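So the structure is just underneath, and the comments pick up after that.
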Amino acid sequence: MNPLLASTLEHLKALVGFDTRNPPRAIGTGGIFDYLRAQLPGFDVTVTDYGAGAVTLHAVRGQPRYLFNVHLDTVPDSPHWSADPHELRVTADRVIGLGACDIKGAAAALLAVANAADGPLALLLSTDEEANDPRCIAGFLGTSHDYQAVIVAEPTKAEAVLAHRGIQSVLMRFAGHAGHASGEQQPSDSALHQTVRWGGAALDFVAAQSHERFGGLTGLRFNIGRIEGGIKANMIAPTAELRFGCRPLPTMDPDQLLERFRTLVEPRPVEFSETFRGASLPAGDTANAEANRLAARDLADELGIPVGNAVDFWTEAALFSAAGYTAFVYGPGDIAQAHSADEWIALDQLQQYAETIYRIVSRGNA
């Protein structure tokens, strides 16, 4: 076996063995961080606890130009795993374990490279990407750092992803008037009827955005995830709650988008609260977003990383882009395997990623 891959698998076995599920995000500054500290001799290491299981490790050797970011938290394991999700399994062509694909495989490869090459290198490892309570990257960006660009690891089939959608989650509540359902109703009487009318209008609005394009992405992604309300079939529903999410293109204004959703129908919801927002990649208006995308492409070309297509899923690269950094997404594995039972990553993808990072670091290009 390739020595760099063998070292990566040893680190991955250890990393998968640590329970970093999010939720519950019961993660402290020991455990996995004790292991990481021990694997980074010669690095200036800073561990910061932002509370509620949100912890970062910032490790620097030399004077690197680029920062490699990886999240260490995983989603909870489903009941359909065929074996212990925290016990790494290696077959002829893949490795199986919770977080192996998303995205501890990249973290393990970076540890292997850190010990195999002695060039400048900067790492930021975090634990809060998998929940709607982001603290790590915001905390890191609240301090001063002198990096030219940030490369964020997520499963991208070992290709540089230069653009992806933003993400917004919203909670809505409608109010009606409880009563007997036998009589004629006004549009404002039933909270559930209001909710259903809003849903139809929202689907029509989303369909009308199909002509919008950016960097290979088309239209607006939208999902009504939950509707609750009402009491029984012969009672007018006095309250109803709806939760939806949307994933806009980089060129769509998120505030204008939310206002459009809020005012789609009358009567309007009595509550309309954005519960999470993640910027798109790259950040900026139409002109700036394209300029930022081209800067990321130039960097990927300089580092010899093949450029792939834009993706629909969200990453924390958007946070770095919004803060003014050139940023792109690059990691081993396929997003189709992420968050799945018996999550896996192909050995050849893991080796390709490790060898690419080794080449960058050993030449002093990082």
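The values are calculated or read from the model by the stated rules, or taken from the named source; none is laboratory data. Note that the coordinates shown come from a computational prediction; the quantities given were computed from them, not determined experimentally. Note that we place each Cβ from the backbone using ideal geometry, even for glycine, and neighbour counts take in every protein chain shown.
Remark: Arg262 matches the filter, which requires a residue to be outside the structural domain of Leu12 (by TED's automatic domain parsing), more than 26 Å from Asp128 (Cα to Cα), out of contact with any Ser or Thr (no Cβ under 7 Å at 6 or more places or on another chain) and modelled with pLDDT of 95 or more. Residues considered: Val70, Val45. Of these, the only one that is in a strand (DSSP E or B) and without any contact (Cβ under 8 Å) to a residue 60 or more places away in the chain is Val45.
Might you check whether a residue that is of a type in the set (A, V, I, L, M, F, W, C), at pLDDT 95 or above and not in a helix (DSSP H, G or I) occurs anywhere in the stretch 209-218? There is no residue in the stretch 209-218 that is of a type in the set (A, V, I, L, M, F, W, C), at pLDDT 95 or above and not in a helix (DSSP H, G or I).
Among the residues of the stretch 320-334, write down those that are surrounded by fewer than 18 Cβ atoms within 10 Å (Cβ to Cβ) and within 15 Å of the chain's Cα centre (by Cα). The one that is surrounded by fewer than 18 Cβ atoms within 10 Å (Cβ to Cβ) and within 15 Å of the chain's Cα centre (by Cα): Asp334. Put simply, of His193, His177 the only residue that is more than 30 Å from Phe68 (Cβ to Cβ) and either outside any loop (DSSP other than H, G, I, E, B) or assigned by TED's automatic domain parsing to the domain that holds Leu98 (or both) is His193. For Ala109, the conditions (1) surrounded by 19 or more Cβ atoms within 10 Å (Cβ to Cβ); (2) over 12 Å from Thr20 (Cβ atoms); (3) in contact with an Asp or Glu (Cβ under 8 Å, 6 or more places away or on another chain) are fulfilled apart from (3). The residues of the stretch 299-345 that are of a type outside the set (Gly, Ala, Ser) and part of a helix (DSSP H, G or I), listed by number, are Leu299, Asp301, Glu302, Leu303, Leu319, Phe320. The residues of the stretch 104-160 that are closer than 28 Å to Leu294 by Cα and among the polar types (S, T, N, Q), listed by number, are Ser126, Thr143, Ser144, Gln148, Thr156.
For the stretch 145-197, a residue qualifies if it is more than 30 Å from Pro254 (Cβ to Cβ), at pLDDT 95 or above and in contact with a strand residue (DSSP E or B) (Cβ under 8 Å, 6 or more places away or on another chain), and exactly one does: Ser190. Taking the criterion of being in contact (Cβ under 8 Å) with a residue 12 or more places away in the chain, among the charged types (D, E, K, R) and not in a loop (DSSP other than H, G, I, E, B), the residues of the stretch 11-42 that qualify are Lys13, Arg21, Arg37. Looking at Ala296, is it assigned to a loop (DSSP other than H, G, I, E, B), under 23 Å from His145 (Cβ atoms) and touching a strand residue (DSSP E or B) at 6+ places or on another chain (Cβ under 7 Å)? Spelling it out, it is not the case that Ala296 is assigned to a loop (DSSP other than H, G, I, E, B), under 23 Å from His145 (Cβ atoms) and touching a strand residue (DSSP E or B) at 6+ places or on another chain (Cβ under 7 Å). Scanning the stretch 24-67 for residues that are under 30 Å from Leu303 (Cβ atoms) and among the basic types (Lys, Arg) gives Arg37, Arg61, Arg65. Does Arg243 satisfy being within 30 Å of Ser182 (Cα to Cα), outside any loop (DSSP other than H, G, I, E, B) and not assigned by TED's automatic domain parsing to the domain that holds Val150? For Arg243, the condition - within 30 Å of Ser182 (Cα to Cα), outside any loop (DSSP other than H, G, I, E, B) and not assigned by TED's automatic domain parsing to the domain that holds Val150 - is met.
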